[in-house]
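Worksheet: the structure to be examined is printed underneath.
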Amino acid sequence: MIENLERLVGLSKSQEFIPDERMVWDEDEEMFHLHFVSTSGLIKEVNFVTGEFLASFLDENSVSVVVHVDFRHIKPVVVGEPLIVGLRITDVRENVVTFAAVVMRENERIAEGIIERAVISRNYLRRKAFEKF
């Protein structure tokens, strides 16, 4: 599984999504009512799309987890505006897959970032869930 990850470098995917009320920036009451999309909401969507994309190449005993995010929210956008997440796998080192990501509204760059996901064994995570700390 891991030895085959290098073949993914250069692959890309784009996916449209429409931000909903769960993504509203709610740190300020007045701004909350304007329905701006939060940076954390965008990051969550990008992380979801990277995970879904990578999962299509993994066997049933493997899963990928986000281990690093470097993200920049460039322009405001409001809930309901269609956006596109564009991804490209730029690097693979051992079990870590690096994605370049961009969030676009038509031809306008809304956000961009680098996401790293580690590919690990589901059994490893199951064992960790039951260990006592």
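The values are calculated or read from the model by the stated rules, or taken from the named source; none is laboratory data. As the structure is a prediction and not an experimental result, all values here were calculated from the model. Neighbour counts run over all protein chains shown; Cβ positions are idealised from the backbone, glycine included. Surface accessibility is based on the protein's heavy atoms, side chains included, excluding ligands, DNA and RNA. Shrake-Rupley method; radii C 1.70, N 1.55, O 1.52, S 1.80 Å.
Structural remarks
- In Hz, Karplus ³J(HN,Hα) per residue of region 33-50 (6.51, -1.76, 1.60; θ = phi - 60°; x = Gly, Pro): 6, 8, 6, 6, 7, 7, 4, 5, x, 5, 4, 4, 5, 4, 4, 4, 5, 5
- For the chain, the solvent-accessible area works out to 62 Å² per residue, with a probe of 1.4 Å and every protein chain left in place.
- Average 1/r across all pairs of distinct alpha carbons in region 31-77, invert it, and you get the Kirkwood radius: 12.7 Å.
- Size-normalised alpha-carbon gyration radius of the chain, reference 2.2 N^0.38 Å: 1.17
- Put a dot 7 Å past the Cα of Ile114, heading toward its Cβ, do the same for Arg22, and the two dots end up 2.9 nm apart.
- Estimated vicinal HN-Hα couplings, Hz - region 7-17 in sequence order (Karplus 6.51, -1.76, 1.60; Gly, Pro = x): 5, 7, 4, x, 5, 9, 7, 10, 8, 7, 8
- Short to long, the 10 Å bins of the Cα pair-distance histogram for region 64-133 hold 18, 35, 26, 16, 4, 0 percent of all pairs.
- Along region 68-83 the Karplus relation, 6.51 cos²θ - 1.76 cosθ + 1.60 evaluated at θ = phi - 60°, assigns HN-Hα couplings of 7, 9, 10, 9, 10, 8, 9, 9, x, 8, 9, 3, x, 7, x, 10 Hz to successive residues, with x for each Gly and Pro.
- Range of Cα positions in region 81-121 per principal axis (Å), largest first: 37, 18, 11
- Summary of the geometry: region 57-71 and region 99-125, compared by the centres of their Cα atoms, lie 10 Å apart.
- Each Cα pair under 8 Å and six or more residues apart adds its sequence gap; the mean of these over the residue count of the chain is a relative contact order of 30 percent.
- Contact order for region 1-42, expressed relative to its length and based on alpha carbon pairs under 8 Å spaced 6+ residues apart, stands at 31 percent.
- Of the peptides 5-18, 33-46, the ranking by mean beta-carbon count within 10 Å, highest at the top, reads 33-46, 5-18.
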